[in-house]
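See structure below.
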Amino acid sequence: MSSTLPIADFRSDTVTRPTPAMLEAMFSAKVGDDVFEDDPTINALEEKGAAMFGKEAALFCTSGTMTNQIAIKLHTQPGDEVICDKMAHVYSFEGGGIAFNSGASVRLIDGDRGRLTAAQVEENINPDNVHNPITRLVALENTMNRGGGSYYDINEIKKIKQVTDAHGLILHLDGARIFNALAQTGENPIEYGALFDSISVCLSKGLGAPVGSLLLGTKAMVKKARRIRKLFGGGWRQAGFLAAAGIYALDHHVARLKEDHARAARLHKDLAGLDYIDTISPQDTNILIFKLKDHVSMPDFQSYLQQQNIRVSAMGKQSIRLVTHLDINDEMIERTAVALKQFQS
């Protein structure tokens, strides 16, 4: 395979690069000092993001990990407990941040590809007993990364909200890929704003911005979150150049997410007929996770694809993840489909 072929990088939708139009928006941005809250482009991004979900305010941060961890710190006290799925990003991929940053306990639930039910949430709320941590926060993830891009039925979220309200709990959404879910369901983000006390929205995944996430909530919550961001070392200065990319992404890259889903569906269809694959998760959005049969060497498989200028990521023993995004085009899909079919195990 010619080394001149462009690399088809399926490792994550975080690998995207700014488009020429996004770069132009970044270079022309007006900036200030965000610690003093006078960067006009950051202020505009925060207002835009909050309005999209019907929230009062937003806070621009470096990453989804930071917005999630700020939210957990904001909503809990040391010794409180957070309910989430066992595969949740806030638990599995944020460096033990719940324990380190907030001193909170975690109750892990085995959901359906990462999705919890209202019944599961209610069953895992601790009784008012001195021996138990105080159940304080429920964190949902939509779409679910390790669930292969699975997304919630909003009616189940409404039922979960009824449970959290009945027990005085806080409901947080890790919406790193919330717009992928909305692209599939056609729902209005305002509906999500009404259901969750706080929402983390990532701009650097499917939306294609180079960096950044928003934490959405009430004005009072965001004011407190700003102090926690400072404590975490997350105060920006002239970060409006990055915020301009976020504004461009929200304006131009939301509607096109369906293209990523369609390309993932094409690859899913091709993967289904390959004899060296043991199982494949259902394809819901832009993430494909499949498991190689035990006799297949995962390093050999990845090396083979690397030689074809195709990059994928490992997701545990024998598990491979492919993620489509705006830097993956139809030629790359076709080339990857051919390479997958020609692999000899």
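The values are calculated or read from the model by the stated rules, or taken from the named source; none is laboratory data. The structure displayed is predicted, hence computed values, not measured ones. A quick note on method: Cβ atoms are made from the backbone with ideal geometry, for glycine too, and the neighbour counts reach across all protein chains shown. Each accessible area value is taken on the protein alone, full model and side chains, heavy atoms only, with ligands, DNA and RNA left out. Shrake-Rupley method; radii C 1.70, N 1.55, O 1.52, S 1.80 Å.
The table for this structure:
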quantity: Residue within the range 69-78 that is surrounded by 21 or more Cβ atoms within 10 Å (Cβ to Cβ), over 18 Å from L215 (Cα atoms) and touching a residue at least 40 places away in the same chain (Cβ under 8 Å) present; calculated: no
quantity: Those residues of the range 133-186 which are more than 23 Å from A225 (Cβ to Cβ), in a helix (DSSP H, G or I), open to solvent by 30 Å² or more (accessible area, probe 1.4 Å) and not polar (S, T, N, Q), in sequence order; calculated: E156, K158, K159, A166
quantity: Elements of type helices (runs of 4 or more DSSP H) contained in the range 1-104, each with 3 or more residues being under 22 Å from G234 (Cα atoms); calculated: 40-52, 64-75, 89-92
quantity: Residue in the range 336-344 that is modelled with pLDDT of 95 or more, part of a loop (DSSP other than H, G, I, E, B), farther than 26 Å from F179 by Cβ and of a type outside the set (S, T, N, Q) present; calculated: yes
quantity: Residue count, the range 28-47 (criterion: more than 11 Å from A243 (Cα to Cα) and open to solvent by 40 Å² or more (accessible area, probe 1.4 Å)); calculated: 6
quantity: Single match in I280, I310 (criterion: open to solvent by less than 20 Å² (accessible area, probe 1.4 Å) and modelled with pLDDT of 95 or more); calculated: I310
quantity: Residue selected from the range 97-145 under the condition in contact (Cβ under 8 Å) with a residue 60 or more places away in the chain and in contact with a Gly (Cβ under 6 Å, 6 or more places away or on another chain), by the criterion farthest from T14 (Cα to Cα); calculated: R113
